[in-house]
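Below: one structure, written as structure tokens.
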Number of protein chains: 2
Amino acid sequence: MTANSAFVRATRGDDVPHVPVWFMRQAGRSLPEYRSLREGLSMLDTCQRPELIVEITMQPVRRYGVDAAILYSDIMVPLMAVGVDLDIVPNVGPVIASPVKTLADLAPLRPLEASDVPYVTSAVRDLVTVLGKTPLVGFAGAPFTLASYLVEGGPSKDHAATKALMHGSPDLWHALLSRLAVISAAFLRVQIEAGVSAVQLFDSWSGTLAPSDYQEFVAPHTRAVFTALADLDVPRIHFGVGTGELLGLMAGTGPDVMGVDWRVPLHEASRRVGGRPVQGNLDPAILLAPWPVVEEQARRVLASGRRGSGHIFNLGHGVLPQTDPDQLARLTEYVHNWKP
Amino acid sequence: MTANSAFVRATRGDDVPHVPVWFMRQAGRSLPEYRSLREGLSMLDTCQRPELIVEITMQPVRRYGVDAAILYSDIMVPLMAVGVDLDIVPNVGPVIASPVKTLADLAPLRPLEASDVPYVTSAVRDLVTVLGKTPLVGFAGAPFTLASYLVEGGPSKDHAATKALMHGSPDLWHALLSRLAVISAAFLRVQIEAGVSAVQLFDSWSGTLAPSDYQEFVAPHTRAVFTALADLDVPRIHFGVGTGELLGLMAGTGPDVMGVDWRVPLHEASRRVGGRPVQGNLDPAILLAPWPVVEEQARRVLASGRRGSGHIFNLGHGVLPQTDPDQLARLTEYVHNWKP
């Protein structure tokens, strides 16, 4: 039902009636209806209740009329589901009870089964019915980004412990990322089998790495995730922040579409990823400026995206919590009406 | 006395007997002798006591035998000196009492006079005597990075308020950065007149900007700083983190040497900055790995640096507080003994 949607067509580089648009973190803290629904509920509890997943996923679709929904979940959900002791702490992020230091610490990272995340299967099935012709995007965290939380014990500015382990204990590092690749791929497969129309693999923090480190310590494991999904005919998007120097290497791991942050103009990004379709890349902070600024910057993004071969409009990172939803509504309308 | 030092020669792209090396934040929290000296003293108090500035600046020079000392100070010192109400909070960073929101908030940002920072003049004079043939590097924060603290009120992950003000109130933005450029240039001039052999302008957070924003809202003000120093025959280094996409634009503001973080190999950085000498760029996190890893990565940096025209070895960002000083001692020796 979604194969002919503007979003899915754009992931293949096919002609589209309008540039499709959705927003990373379109569901979440910027929406008052989300904040009121979440009152008194933890993030991880919310992610395990299918009726809430459906409602939260639908909120921005109803509000904005975006071209794709993105499943409400968190990159830490599959780790929690296999038994890693973790929490998502408000205003902090994921916190791991026992950070990974030795091979023994990998024991909890067993392969994920669909039965570990029944709430995801259930929510995706319901969403696909409700969404009809609007595609649903599933997602997972990429091995490096998941590993960074497991090693650091939480969010990090410099990822120093992660890099020290990567270089100092390469066997442990590769064992860790191999296990995470299996979990990420399985989590995406569950979502695809339940009916999502596309998936996005978030390697949010890969941009912290030197290209040589990325190539040696990360790319093989990201590639393993994409390869594990190769039998499924579903477009795969890949994204990280600050990845200007890595775009070619990341594209080489096998995604169909590359997400790009605001630091690289889309036509240049398109060149770096070998002509694949690109997704992005308005700086989310721009949405805090008055509308004429948003319009001007969105026009630039659209003009630059047009010079590649396939463009899905998005932000260059997630919607900031302080964003006025009316700006996103207006932006969605602007993108839909934009003509080259 | 320092004009023929390896460091100063390298800033001009001249032949050097060995690759010169120093480390951003070589003076500071990674050194036990620094931590014990700082006990019970605030950062800003310490920065105003010439005898402490001298001692802290000298600590890493004595320990490592690096090719340059860097003045112990903070980019917020000149703002404090003109009367901005701010503090540097341990484990947080600079905190501004009244963030900039309107033109009226610019009133405290008057031009800096040498008499506002007598402790800097005094410390630099004493250091130059003690250091002899070892060059002393002075420094200041660039207008954008200073503005980001003044607008956000403290450190920021996304610099959203800064970007919103930049785009939403461009007149206020340019007025703010013009004033900061005057202060930065004056702070550097004080240091140069007191005897530093080179200066480094830190635009630490400029890498958060899209190139078009950098060009429109930042480059003219950084250029004003370098232009204000053009009558002084002192090498000027410029540096920011995550600036791969900006290197050419930053080099275009007028520095003699470009600092580079670890994300761009030096030979590629050298190309992007039009063949200027480059400074960098070992990932500071590498120093947390065992020595053979440090050696291997340092060798790569040196080999890449050799392919440009002038290389000062440094890290790609400041020394991390948890770094073992023995690693830096060994690294200094390794760089000094390295032969192409």
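Based on this model, can you work out whether B:S98 counts as part of a loop (DSSP other than H, G, I, E, B), among the hydroxyl-bearing types (S, T, Y), buried (at least 21 other Cβ atoms within 10 Å of the Cβ) and in contact (Cβ under 8 Å) with a residue 12 or more places away in the chain?
Answer is no for this residue.
Condition first: free of Cβ contacts under 8 Å to residues at least 40 places away in the same chain, more than 12 Å from chain A (Cβ to nearest Cβ) and either outside any loop (DSSP other than H, G, I, E, B) or over 20 Å from A:S169 (Cα atoms) (or both). Can you find one or more residues in region B:313-330 that meet it?
yes
From the list A:T227, A:T162, A:T222, which residue is within 12 Å of another protein chain (Cβ to nearest Cβ) and of a type in the set (S, T, N, Q)? Let's see the steps before the verdict.
On the way: A:T227 fails: within 12 Å of another protein chain (Cβ to nearest Cβ); A:T222 fails: within 12 Å of another protein chain (Cβ to nearest Cβ).
On inspection, the qualifying residue turns out to be A:T162.
Quick one: which residue in B:G275, B:G242, B:G248 is out of contact with any Cys (no Cβ under 7 Å at 6 or more places or on another chain), surrounded by fewer than 24 Cβ atoms within 10 Å (Cβ to Cβ) and on the phi > 0 side of the Ramachandran plot?
B:G275
If you scan region A:266-284, which residues turn out to be more than 17 Å from A:V335 (Cβ to Cβ) and part of a loop (DSSP other than H, G, I, E, B)?
The answer is A:V273, A:G274, A:G275, A:R276.
Within region B:241-284, can you find the residues that are hydrophobic (A, V, I, L, M, F, W, C) and within 14 Å of chain A (Cβ to nearest Cβ)?
Taking region B:241-284 and keeping what is hydrophobic (A, V, I, L, M, F, W, C), we get B:241, B:246-247, B:249-251, B:257-258, B:260, B:262, B:264, B:266, B:269, B:273, B:278, B:282.
Those that are hydrophobic (A, V, I, L, M, F, W, C) and within 14 Å of chain A (Cβ to nearest Cβ): B:V241, B:L246, B:L247, B:L249, B:M250, B:V260, B:W262, B:V264, B:L266, B:A269, B:L282.
I'm told A:P255 meets every condition in (1) over 20 Å from B:D283 (Cα atoms); (2) touching a Gly at 6+ places or on another chain (Cβ under 8 Å) except one. Can you identify the failing condition by its number?
Unmet for A:P255, out of (1) over 20 Å from B:D283 (Cα atoms); (2) touching a Gly at 6+ places or on another chain (Cβ under 8 Å): (2).
Tell me, which helices (runs of 4 or more DSSP H) lie completely within region B:1-51 with 3 or more residues that are closer than 22 Å to B:P321 by Cβ, at pLDDT 95 or above and out of contact with any strand residue (DSSP E or B) (no Cβ under 6 Å at 6 or more places or on another chain)?
B:32-38
Taking region A:1-48, which residues are farther than 19 Å from A:V278 by Cβ, among the small types (G, A, S) and surrounded by fewer than 18 Cβ atoms within 10 Å (Cβ to Cβ)?
A:A3, A:S36, A:G40, A:S42 - these are the residues of region A:1-48 that are farther than 19 Å from A:V278 by Cβ, among the small types (G, A, S) and surrounded by fewer than 18 Cβ atoms within 10 Å (Cβ to Cβ).
When B:V264 is evaluated against the numbered criteria (1) within 19 Å of the chain's Cα centre (by Cα); (2) more than 23 Å from A:W262 (Cβ to Cβ), which criterion, by number, is the only one it fails?
(2)
Can you tell me how many residues within region A:59-81 are assigned to a helix (DSSP H, G or I), surrounded by 19 or more Cβ atoms within 10 Å (Cβ to Cβ) and not aromatic (F, W, Y)?
So the answer is 8.
If you scan region A:187-217, which residues turn out to be within 14 Å of another protein chain (Cβ to nearest Cβ), more than 15 Å from the chain's Cα centre (by Cα) and of a type outside the set (F, W, Y)?
A:T208, A:L209, A:A210, A:P211, A:S212, A:D213, A:Q215, A:E216
List the helices (runs of 4 or more DSSP H) that sit entirely inside region B:105-210 and contain at least 2 residues that are among the polar types (S, T, N, Q) and surrounded by fewer than 22 Cβ atoms within 10 Å (Cβ to Cβ).
B:118-131
Identify all residues within region B:122-155 that are of a type in the set (S, T, Y) and farther than 16 Å from B:T57 by Cα; write none if there are none.
B:T145, B:S148, B:Y149
Out of curiosity, is A:G254 assigned to a loop (DSSP other than H, G, I, E, B), of a type in the set (G, A, S), free of Cβ contacts under 8 Å to residues at least 60 places away in the same chain and farther than 19 Å from A:Q26 by Cα?
Details: assigned to a loop (DSSP other than H, G, I, E, B): yes; of a type in the set (G, A, S): yes; free of Cβ contacts under 8 Å to residues at least 60 places away in the same chain: yes; farther than 19 Å from A:Q26 by Cα: yes.
Against the criterion (assigned to a loop (DSSP other than H, G, I, E, B), of a type in the set (G, A, S), free of Cβ contacts under 8 Å to residues at least 60 places away in the same chain and farther than 19 Å from A:Q26 by Cα), A:G254 qualifies.
Every residue in region A:285-311 that is more than 10 Å from chain B (Cβ to nearest Cβ) and either among the basic types (K, R) or outside any helix (DSSP H, G or I) (or both), please.
Listed by number, the residues that qualify are A:R299, A:R306, A:R307, A:G308, A:S309, A:G310, A:H311.
The values are calculated or read from the model by the stated rules, or taken from the named source; none is laboratory data. Note that the structure is predicted; figures quoted are calculated from it, not measured. Neighbour counts run over all protein chains shown; Cβ positions are idealised from the backbone, glycine included.
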